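Read-outs: derived from the displayed coordinates by stated rules, not from any lab. Everything quoted here is computed from the prediction, not taken from an experiment. Glycine gets a Cβ as well: all are built from the backbone with ideal geometry, and neighbour counts include every protein chain shown.
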Amino acid sequence: MDEHHEHRGSIVAEETTVKDTIIVEDGEIIEEVIDVEEWILAKRTIHRRAKRFLIKVDKHKHVFETSHATGREILDKAGKMPVEKYILRQVHKDGGLSKIELDQSVDFVLHGIEKFKTMLKTAQDG
C-alpha cells in the first residue's frame, strides 16, 4: 500500500515492496505462488486454490498455473523435447522414486511430492 506525504505543496508517494502476496479467502490464507518443495520441507499445508505452483524438475523450478499436470506437461515445461525421449520420475519426500507416464496426471497438492527428475531413455527403455 502506498502512503502519501505532503512535501512543499506536492504529494510524494513512498514505494513499498511486497515479497509474498497473500490472499485471504473465506478466512483462509491462500498464497499467490507456492514453492512445493519448500512447503513440504517446512511441513506446511499446500492449498489447492493457490494461483501458481513452483515445481522443481532436475535443478530448475518451473511455474504451473494449476495444482496438477501430466508427465508430458511437466517434461514440456522443463524443455525436455521431444518428451517421448525422456523418462520422468517423481521424487518423494522419503527419497523414493516413481515413474510418471506421459499421460499420467500428477497432483502437486498431495503430500510426498517433492520434485521431479528426468533422464534420456536408452535403447533398453524403448
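Quick rundown of the values:
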{"quantity": "R0 of 25 Å, Cβ-Cβ distance ASP94-HIS68: FRET efficiency to nearest 0.05", "calculated": "0.75"}
{"quantity": "Label-point gap, in nm, between MET81 and LEU41 - each point 7 angstrom along Cα→Cβ", "calculated": "3.1 nm"}
{"quantity": "For THR70, distant residues with modelled amide H under 5 Å away", "calculated": "VAL106"}
{"quantity": "Distance between modelled label sites at ARG48 and GLU101, nm, 7 Å Cα→Cβ extension", "calculated": "2.3 nm"}
{"quantity": "16 Å Cα-Cα reach of LYS115 towards lysines, excluding residues that sit fewer than 8 places from it in its own chain", "calculated": "LYS43, LYS56, LYS59, LYS61, LYS77, LYS80, LYS93, LYS99"}
{"quantity": "Integer Hz, Karplus 6.51/-1.76/1.60 couplings in order for segment 44-60, x for Gly and Pro", "calculated": "8, 7, 8, 8, 4, 8, 4, 6, 8, 10, 8, 10, 8, 10, 6, 9, 10"}
